[in-house]
Amino acid sequence: MACWIFVTGEKNWPVIRDKGVYGMREKWKGLMQRVRPGDQVAIYLKARSKDGERIPGQIVGIFEVVSEPFVSRERVFKGDIYPLRVKLKSVICPSIPIEFKALVTKLKFVKNKQKFSGYFRRGIIEIPKEDFETIKKELISKIS
């Protein structure tokens, strides 16, 4: 079992949460082909502005991959088609997400603690199981 962070924007987070599917561009085919059923995923919602206020990047949920990667051109996402896809099953989706910056000092995969946002440019990032468990524990604390 591998552990991942899948990156999304505000418009597509509801699609992932409600339809149980994640997609990415074809240029990342090599990465997506490494994803397998049973893999664990934390969803990272990119920083954004809302009503003039900057909302930092957040971890919004934990999911399990429940399909092999597949290609679909069905329009389910906002904006791009994101044809490389996997199906997901929700494990934890708290009403209050956690700010990623608060986790940075606890995560081993983040080598550059000041410029951690650079890790999220590819769309998906494989992370050590220990880091995934740290993220999961923090999310669970939000629902306890």
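Coordinate-derived values only; no laboratory data. This is a predicted model, so every value here is computed, not measured. Methodologically, a virtual Cβ is constructed for each residue, glycine included, from the backbone with ideal geometry; neighbour enumeration extends over all protein chains shown.
Numbers at a glance
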| item | result |
| --- | --- |
| Per DSSP, loop GluC sites (Glu not before Pro) in the stretch 1-61 with at most 16 further Cβ within 10 Å | GLU10 |
| Residue order, fewest to most beta carbons within 10 Å, for VAL71, VAL104, VAL15 | VAL71, VAL104, VAL15 |
| Under the Karplus curve 6.51 cos²θ - 1.76 cosθ + 1.60, θ = phi - 60°, whole-Hz ³J(HN,Hα) for the stretch 21-28, x wherever Gly or Pro sits | 9, 10, x, 8, 5, 5, 5, 9 |
| Additional length obtainable on full extension of the chain from ALA2 to SER95, 0.36 nm per residue less Cα span | 30.9 nm |
| Per DSSP, loop trypsin sites (Lys or Arg not before Pro) in the stretch 1-78 with at most 14 further Cβ within 10 Å | LYS11, ARG25, ARG34, ARG73, ARG75, LYS78 |
| Length released on extending from ASP51 to LYS29, taking residue separation times 0.36 nm less the Cα-Cα span | 4.4 nm |
| Under 24 Å from the Cα of LYS108 - lysines, other chains or at least 8 residues apart | LYS46, LYS129, LYS136, LYS137, LYS142 |
| Projected label distance in nm at ARG122 and VAL104, using a 7 Å step from Cα toward the beta-carbon | 2.0 |
| Stokes-Einstein diffusion coefficient of the chain, Kirkwood radius over Cα pairs, 10 °C, 1.306 mPa s, in µm²/s | 104 |
| For the stretch 1-74, projected area of the alpha-carbon convex hull averaged over all directions, nm² | 5.5 |
